[in-house]
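For reference, the structure is listed below as C-alpha cells.
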Amino acid sequence: CHGAAGNAATMNWPSVAGQRYDYTAKMLLDYRSGLRFEDERAGLMTSIARLMTPQQIADVSAYYASLPKPVAPQAQAALAAPLTAAEHKRVEQLVRKGDANRLITACASCHGLHGEGKGTTPAIAGQTTDYFIRTMRLYHNGERQNDVYKGMSQFSQRLSDADTLLIARYYASQGQSQTAKAD
C-alpha cells in the first residue's frame, strides 16, 4: 500500500517516507485503539497496528522518519503543475497567513511552510492531491476525528473545494524539501 520505500505506489494511499516520527507513532496507536477508523481502508491498518508491540511502533516510526520525503507521482504532474500567478498568490495567503474572515489558521502554523510537519502534526509535502483531498473530505464529513486539536474538521469545513485543491497542489509540489527526523 505505502510502497517498498514508503512511497505510495498509487494515489489511494499516503506516502509515509519522511513522515514525522511522532505523527507515525500517534497514527499507529490511533489505529490500534480504534480512534482512527474513518472508512474500510483503515481496517487493514487497524489489524496490523493491533499486532505491533510498542517497540515495533517506535522502530517503524523511526525507520519511515529516516527516509527521504516523497515526490508526488508522475500521474499527479498535471494537478501539481506550477501554479498561475493568481493561484500562487491565493495559496500563499492560505498557507502563510490563513483567512481571518473565515477563521482559517495558516496551514504553515501547524504543518510548516514547506509541509514538513511539526511534532504530531504530519508532514504533507509530496502527498498526492487525491490523498490530500480525500483526507480533507473525511475531516469535513466528520469521518476522521483523530487530529490533536480537532482543528482540521473546522478548517476543512471552511475551505472551498477550489481552495482545498489549490492547497493540495501546492503541497504535492513541495516534495523532497527536508527530511523529518525522529524527535
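The values are calculated or read from the model by the stated rules, or taken from the named source; none is laboratory data. All figures in this text were calculated on a predicted structure; none of them were measured in a lab. Every residue, glycine among them, receives a Cβ derived from its backbone with ideal geometry; neighbour counts consider all protein chains shown.
Numbers for the structure displayed
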item: From the options ILE124, ILE104, residue that is closer than 19 Å to TYR23 by Cβ, β-branched (Val, Ile, Thr) and crowded, with 18+ Cβ neighbours inside 10 Å; result: ILE124
item: Hits in the stretch 1-55 - residues which are modelled with pLDDT of 95 or more and outside any helix (DSSP H, G or I); result: MET52, THR53
item: Check on LYS118, surrounded by fewer than 20 Cβ atoms within 10 Å (Cβ to Cβ) and within 12 Å of the chain's Cα centre (by Cα); result: yes
item: Test for ILE124: is it in a helix (DSSP H, G or I) and either touching a Cys at 6+ places or on another chain (Cβ under 7 Å) or at pLDDT 85 or above (or both); result: no
item: Flag for PHE132 being within 25 Å of LYS89 (Cβ to Cβ) and in contact with a strand residue (DSSP E or B) (Cβ under 8 Å, 6 or more places away or on another chain); result: no
item: Of all residues making up the stretch 53-64, the number that are under 13 Å from LYS26 (Cα atoms) and surrounded by 16 or more Cβ atoms within 10 Å (Cβ to Cβ); result: 4
item: The stretch 70-99, subset in a loop (DSSP other than H, G, I, E, B) and surrounded by fewer than 16 Cβ atoms within 10 Å (Cβ to Cβ), residue modelled with the highest pLDDT; result: THR84
item: Single condition TYR131 does not satisfy, out of (1) among the hydroxyl-bearing types (Ser, Thr, Tyr); (2) within 22 Å of PRO68 (Cα to Cα); (3) outside any helix (DSSP H, G or I); result: (3)
